[in-house]
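Let me begin by presenting the structure, written as structure tokens, before commenting on it.
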Amino acid sequence: MPLPFLTADGVFEAHEDDALAHVDHDRWRRPYRPGPWRVAAAALLLLLAAFMLLSTMIIAFAGTWPGALICLAAALAVIGSALRILLAGVWVSPSGLRRVAFLRTRSLTWSQIDEVRTVQQPVRWLGLPRTVQGQALTVAGRDGAELPVLLTDHNADFLSRTEAFDRAAHAVEAWADEYRAVAA
């Protein structure tokens, strides 16, 4: 029995091609949702940060201010790490493609990109040194340089979710096809 008052399904039915008034098309956007492994890791880090903040409060009430400041700084570093884990991934905009990693962000304009394609190759399992055979979304630069892999079907966003990887890879390839033609 559907309960329409509990969902927003009946309120607004938009097609994917319809432009929404509140959507800014010039902003960077991730063409897929963060995967369960990435969200779980961030949630665990935020849980750890909550305990660290509680211990900061206890240490501060005990009167040991240097220890409380060190504990507060560590908790803020853990919170920042959780947010960075959630931001990691591939982002696209009409101006280019951005690959956000934990410690590094690299942006390319569409004019610097020659080809975006999905290939079968050994890929890292959850970013660890162990490699398995899988699919990877790669990008090749105009000067022939092979750039780092954008997405794999064994990373924290797509492990055991091959359909989601296929949708995300096709979305990034579609953005590349559309905007490389405009940039050329």
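The values are calculated or read from the model by the stated rules, or taken from the named source; none is laboratory data. Everything numeric here is computed off the predicted structure, so don't read it as measured data. Counting neighbours? That spans all protein chains shown, and the Cβs are built from the backbone with ideal geometry, glycine included. The protein model used for the area step is the full one, side chains on, heavy atoms only, and it has no ligands, DNA or RNA in it. Shrake-Rupley method; radii C 1.70, N 1.55, O 1.52, S 1.80 Å.
A few points about this structure:
- Selection from the range 134-161 of residues that are of a type in the set (Ser, Thr, Tyr) and surrounded by 13 or more Cβ atoms within 10 Å (Cβ to Cβ): THR138, THR152
- Scope the range 147-167; condition touching a strand residue (DSSP E or B) at 6+ places or on another chain (Cβ under 6 Å) and either in contact (Cβ under 8 Å) with a residue 60 or more places away in the chain or not in a loop (DSSP other than H, G, I, E, B) (or both); matching residues: LEU150, LEU151, THR152
- Unique match (being in a helix (DSSP H, G or I) and open to solvent by 60 Å² or more (accessible area, probe 1.4 Å)) among ASP114, ASP177: ASP177
- In the range 47-67, the residues that are open to solvent by 80 Å² or more (accessible area, probe 1.4 Å) and touching a residue at least 24 places away in the same chain (Cβ under 8 Å): LEU48
- Residues of the range 143-157 satisfying the condition of being modelled with pLDDT under 75 and charged (D, E, K, R): GLU146
- Tallying residues that are within 14 Å of the chain's Cα centre (by Cα) and not polar (S, T, N, Q) within the range 138-153 yields 4.
- Filtering the range 162-174 to residues that are more than 17 Å from GLY96 (Cβ to Cβ) and surrounded by fewer than 20 Cβ atoms within 10 Å (Cβ to Cβ) leaves THR162, GLU163, ALA164, ASP166, ARG167, HIS170.
- Each residue in the range 81-99 was checked for being assigned to a helix (DSSP H, G or I) and open to solvent by 40 Å² or more (accessible area, probe 1.4 Å), and 4 pass.
- Of the residues contained in the range 123-132, one or more are found to be exposed (fewer than 13 other Cβ atoms within 10 Å of the Cβ), touching a strand residue (DSSP E or B) at 6+ places or on another chain (Cβ under 9 Å) and assigned to a loop (DSSP other than H, G, I, E, B).
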